[in-house]
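Enquirer: First the structure, which I've put down as structure tokens, then a few questions once you've had a look.
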Amino acid sequence: MEFECQVSTEVSKNLVDCVDNSFGQQGEPNQFNSKLEAENLGISEQTSDSYTEKEKIALSKPTLTKKPNSDSCGSKQFLSSDVVLNSRRSITDLPPALLSEILNFLDPKELGMVSCVSTYLCRIASEHHVWKDFYCERWGNSTVPTSLGSGVSDEKSWKEFFVEREFRSKTFMGRYSIDVMYGHNEAVLTVFLLASAKLIFTAGYDQTVKMWNMEEGLLIASSRSLGCTIRAVAGDTKLLVAGGTDGFIQCWQAVEGFPHLFDIKGPQNQNTEFRLWEHEGPITSLALDLTRIYSGSWDMTVRVWDRFSLKCIKVLRHSDWVWALVPHDLTVASTSGSDVCIWDTSSGRLMTIIHSAHVGNTYSLARNHTGDFLFTGGDDGAIHMYEITSHGLETNALLVATWVPHSGCVYSLAFEFPWLVSASADGKLALIDVRKLLRTRKHDSGKRFSCVKLVDRSSVEPPQRMLHGFGKNLMSVGIGADRIVCGGDEGVVRIWNFTEALEIERRVCALKAIRLENRMRRRKLHLENSSKGSRNDQCSVAAKKNPVTGDRSGWHSKRALSGKLKS
């Protein structure tokens, strides 16, 4: 990978002018010195072909020696010849800052291919800061381990962690085990997986919120009866919220030093437990970010709450029941009957609306971490994927792909790159890999984003996997940490555990590495033996040309002959 120096033509012209001027200044021809010409002009065979005919004639003229003075251009000749010699460079000769900027435009696959070119490019590509951007684009900042928090100095660890997460994402096509958790007396309407704390929260018709250990599948705690059906649960490591059909939001704050973050089992504590009242109908959906709480209700509103003052700061009014919502940055997407709305939460402005996204109600929504893609599921059993684009104040939603994997309503969607999981009334789960539909691009401002490849919607691949095992409605699903969690009308919670597939895949990769190492070792030994055999063959050929036997008559006769000549 080489490039031509852009100033080589200009340097060649300057060199020709200097040579012509040197002839004009000389009054008498001096003796030709070929060594001085080679040193001064330094014309290489690689660059001679790029000169024009005039330059070739000028360079073929003999160089006349003269004492150096201020008027001569000898110094220019030396400088120009050095540039001509170095007119061909490889990409590794670029300044590190410029090379880093070039690599910044590559996606993970292309960056990995560059790292295979040479040791130098491997080091540059592996230590590049863009791996952090790749990771946060796909899985968000909330999943970053504590060892890789703000102020990370070892950028290489970001590549290692990215590769690890990418490797783990492939395990959902492997072997799994199913854990069934009993504890609810009636149907489970909502499940929430808090992977960072290895906790699962579930709720339903039995009016309680239950906390489960994700690793062992055991019940940790169950709240007291909240007095109504709980249809929505959401949380992070600082706050847990649950929405009831009576129109309240039950909140628990994390207790410092508590082994499982939230004390939902104990009696009501005004310091860590409280309720928010303003909705006039059942709450159907909840979500959190760092500063706000989002709640959707059958009162046809989405309310935005400030997490610190616990006050409602914005009310977004719809024309029909709100079944689901999903926020991103300063926007929130919500369902309104069969329509899907996207709002600006800072101003309360309706940015765009997708009319009749499904035949019947739109029950479920999911969104990727960058907010560029929106997934919808509805009454018709279909799943749609939309690309959200913004140009100034104008926002558009472009339909990218459609899947129809279910024969019943799609009640819940969950997304963790690259897998979209759906739960349906037909008792099945569908796993869809959206990786082949996406490609990474970069804004002029330097911000990286994903966009859709130009594909025909009719040629979109069907779901990569269907999970069975339920005979009744599946109402909610969650994905994370090599697990898929689901609850439904049966009143039990099921966990599909793919850690076994992860261990199998790791052992397979380790065996492949061992086989490759053994293959390289055998190849090295074969080459060494081949080189030894060639040397032995050369020795045998030499021996045949000059045979050595026990008869030394020829040697004695030559010695006797030489003695006679001396005498």
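The values are calculated or read from the model by the stated rules, or taken from the named source; none is laboratory data. As the structure is a computational prediction, the values presented were derived from the model and not from experiment. Every residue, glycine as well, gets a Cβ built from its backbone with ideal geometry; the counts of neighbours run over all protein chains shown. Remember, those area values only see protein heavy atoms, side chains included, never the ligands or the DNA or RNA. Shrake-Rupley method; radii C 1.70, N 1.55, O 1.52, S 1.80 Å.
Enquirer: Could you list, in sequence order, the residues of region 305-319 that are assigned to a loop (DSSP other than H, G, I, E, B) and either in contact with a Ser or Thr (Cβ under 9 Å, 6 or more places away or on another chain) or crowded, with 19+ Cβ neighbours inside 10 Å (or both)?
Expert: Filtering region 305-319 down to residues assigned to a loop (DSSP other than H, G, I, E, B) leaves 307-311, 318-319.
Passing the criteria: Arg307, Phe308, His318, Ser319.
Enquirer: Within the group Val302, Val340, Val322, which residue is crowded, with 24+ Cβ neighbours inside 10 Å, of a type in the set (A, V, I, L, M), modelled with pLDDT of 95 or more and assigned to a loop (DSSP other than H, G, I, E, B)? Full working, then the answer.
Expert: Details: Val302 fails: assigned to a loop (DSSP other than H, G, I, E, B); Val340 fails: assigned to a loop (DSSP other than H, G, I, E, B).
When all the criteria are applied, what remains is Val322.
Enquirer: I would also like to ask the following. Can you tell me which residue among Ser118, Ser90 is over 20 Å from Arg165 (Cβ atoms) and in contact (Cβ under 8 Å) with a residue 40 or more places away in the chain? Show your work before the answer.
Expert: Details: Ser118 fails: in contact (Cβ under 8 Å) with a residue 40 or more places away in the chain.
Within the list Ser118, Ser90, the selection yields Ser90.
Enquirer: Give, as residue ranges, the strands (runs of 3 or more DSSP E) completely inside region 238-294 that count at least 2 residues that are among the aromatic types (Phe, Trp, Tyr) and either modelled with pLDDT of 95 or more or open to solvent by less than 10 Å² (accessible area, probe 1.4 Å) (or both). Give the derivation first.
Expert: Working: elements: 239-244, 248-253, 273-277, 283-288.
Output list reads 248-253.
Enquirer: Please identify the pairs in which a residue from region 467-490 that is within 13 Å of Gly204 (Cα to Cα) has its Cβ atom under 9 Å from the Cβ atom of a residue that is hydrophobic (A, V, I, L, M, F, W, C) and at pLDDT below 90, counting only partners at least 6 apart or on another chain.
Expert: Here the result reads Cys486/Phe470; Gly488/Phe470; Asp489/Phe470; Glu490/Phe470, each pair linking region 467-490 to a residue that is hydrophobic (A, V, I, L, M, F, W, C) and at pLDDT below 90.
Enquirer: Another one. How many residues does region 114-137 contain that are in a helix (DSSP H, G or I) and open to solvent by less than 40 Å² (accessible area, probe 1.4 Å)?
Expert: The initial filter retains those residues of region 114-137 that are in a helix (DSSP H, G or I), namely 114, 119-126, 130-137.
Filter once more, so that each one left must be open to solvent by less than 40 Å² (accessible area, probe 1.4 Å): 114, 121, 124-126, 130-131, 134-137.
Here the count works out to 11.
Enquirer: Further, regarding this structure: Does at least one position in region 496-508 carry a residue that is modelled with pLDDT of 85 or more, in a loop (DSSP other than H, G, I, E, B) and surrounded by 10 or more Cβ atoms within 10 Å (Cβ to Cβ)?
Expert: yes
Enquirer: While we're looking at this one, here's another question. Select from region 206-237 the residues that are modelled with pLDDT of 95 or more, of a type in the set (Ser, Thr, Tyr) and over 18 Å from Leu261 (Cβ atoms) and list them in ascending order.
Expert: Answer for region 206-237, where residues must be modelled with pLDDT of 95 or more, of a type in the set (Ser, Thr, Tyr) and over 18 Å from Leu261 (Cβ atoms): just Thr229.
Enquirer: Mind counting the residues in region 233-277 that are on the phi > 0 side of the Ramachandran plot and over 38 Å from the mean Cα position of the chain (by Cα)?
Expert: 1
Enquirer: What tally of residues in region 372-386 results from selecting those that are open to solvent by 10 Å² or more (accessible area, probe 1.4 Å) and assigned to a loop (DSSP other than H, G, I, E, B)? Before you say what the answer is, go through the steps one by one.
Expert: Filtering region 372-386 for residues open to solvent by 10 Å² or more (accessible area, probe 1.4 Å) gives 372, 379-380, 384, 386.
Okay, now just the ones that are also assigned to a loop (DSSP other than H, G, I, E, B), so 372, 379-380.
Total meeting the criteria: 3.
Enquirer: Follow-up. Among strands (runs of 3 or more DSSP E) lying entirely in region 166-216, which contain 1 or more residues that are open to solvent by less than 10 Å² (accessible area, probe 1.4 Å) and out of contact with any Ser or Thr (no Cβ under 9 Å at 6 or more places or on another chain)?
Expert: Details: elements: 177-181, 188-194, 199-204, 209-213.
Output list reads 199-204.
Enquirer: Do we find a residue being open to solvent by less than 40 Å² (accessible area, probe 1.4 Å), within 28 Å of Ile495 (Cα to Cα) and modelled with pLDDT of 90 or more anywhere in region 455-464? Can you show your working first?
Expert: Going residue by residue through region 455-464, those that are open to solvent by less than 40 Å² (accessible area, probe 1.4 Å) are 460, 463.
Subset that is within 28 Å of Ile495 (Cα to Cα): 463.
So of that shortlist, the ones also modelled with pLDDT of 90 or more come out as 463.
The answer is yes, given that some residue of region 455-464 is open to solvent by less than 40 Å² (accessible area, probe 1.4 Å), within 28 Å of Ile495 (Cα to Cα) and modelled with pLDDT of 90 or more.
Enquirer: Residues in region 81-94: is at least one part of a helix (DSSP H, G or I), closer than 20 Å to Thr370 by Cα, open to solvent by 40 Å² or more (accessible area, probe 1.4 Å) and at pLDDT 75 or above? Before you say what the answer is, go through the steps one by one.
Expert: Of all residues in region 81-94, those part of a helix (DSSP H, G or I) come to 81-85, 91-93.
The next check asks that each one be closer than 20 Å to Thr370 by Cα; those that pass are none.
Checked region 81-94: no residue is part of a helix (DSSP H, G or I), closer than 20 Å to Thr370 by Cα, open to solvent by 40 Å² or more (accessible area, probe 1.4 Å) and at pLDDT 75 or above.
Enquirer: Okay, next question. Looking at region 224-237, can you tell me whether even one residue there is crowded, with 22+ Cβ neighbours inside 10 Å, in contact with a Lys or Arg (Cβ under 7 Å, 6 or more places away or on another chain), assigned to a strand (DSSP E or B) and of a type outside the set (D, E, K, R)?
Expert: Within region 224-237, none of the residues are crowded, with 22+ Cβ neighbours inside 10 Å, in contact with a Lys or Arg (Cβ under 7 Å, 6 or more places away or on another chain), assigned to a strand (DSSP E or B) and of a type outside the set (D, E, K, R).
Conditions tested, residue by residue: (1) under 23 Å from the mean Cα position of the chain (by Cα); (2) surrounded by fewer than 19 Cβ atoms within 10 Å (Cβ to Cβ).
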position	(1), (2)
Asp329	yes, yes
Ala333	no, no
Ser346	no, yes
Asn396	no, yes
Phe415	yes, no
Val421	yes, no
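Enquirer: Follow-up. Report yes if some residue within region 197-220 is more than 26 Å from Lys472 (Cβ to Cβ), touching a residue at least 40 places away in the same chain (Cβ under 8 Å) and within 30 Å of the chain's Cα centre (by Cα); otherwise report no.
Expert: Yes, that holds for at least one residue.
Enquirer: Scan region 369-384 for residues that are over 23 Å from the mean Cα position of the chain (by Cα), of a type in the set (Val, Ile, Thr) and within 18 Å of Val332 (Cα to Cα) and jot them down.
Expert: Thr376
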